[in-house]
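Nothing in this text is a laboratory measurement; each read-out follows from the coordinates by a stated rule. The model shown is predicted, which means the values in this text are computed figures rather than measured ones. Methodologically, a virtual Cβ is constructed for each residue, glycine included, from the backbone with ideal geometry; neighbour enumeration extends over all protein chains shown.
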Amino acid sequence: MGNVNDAPGLTAAEIAALALSLAHLGTGPQAGAARTGLRAALAHLDAGDDVIASTLRTLTTPLTAETARRARIIATSITDRRVLRLCYRDAHGRLSVRDVDPVTCLVHREHWYLVTWCRLRHGIRAFRFDRLLAVEPTDLQSHRHSAQRFLPFQRRSAA
């Protein structure tokens, strides 16, 4: 299976940032060219691998208008280091409202995820975009968290 760190010159955190930027373009005028560029940047990965192939399809498929709107709020909060308040429905249908420090976003198979430091659970949590019912920026400053620590498929340096 190809590793995102095999992308020439791109780290997993950079790919995640590019993907999030692309996500909130929606179907805007530059969206098609941006998706073509992302496909080209990741063309060396093994598209025959089911996980990689489905993830690449998700990365290059436009989000719905409402999800793209939420992605813009998320991206701004990551950039501005602002706490987000999420209303989230989990896989069992339970609702929760949480304040989180947004760290990054990632795509795995058919789903986008917001990766955070959850202030309620005092730990790393990932929230599927399609289960986010509301995303509200707050005036609270979030703590600085390194995206590298939160992304999967990272090569770890030997201790």
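List of remarks:
- Legend: P(r) of segment 22-124 from all alpha carbon pair distances, 10 Å bins from 0, whole percents, reading 14, 39, 33, 14, 0.
- Debye equation applied to the C-alpha atoms of segment 50-99, log10 I(q)/I(0) at 0.23, 0.27, 0.30, 0.32 Å⁻¹: -1.00, -0.98, -0.99, -1.02
- On the beta carbon distance between D139 and E66, with R0 = 25 Å, the FRET formula returns roughly 0.55.
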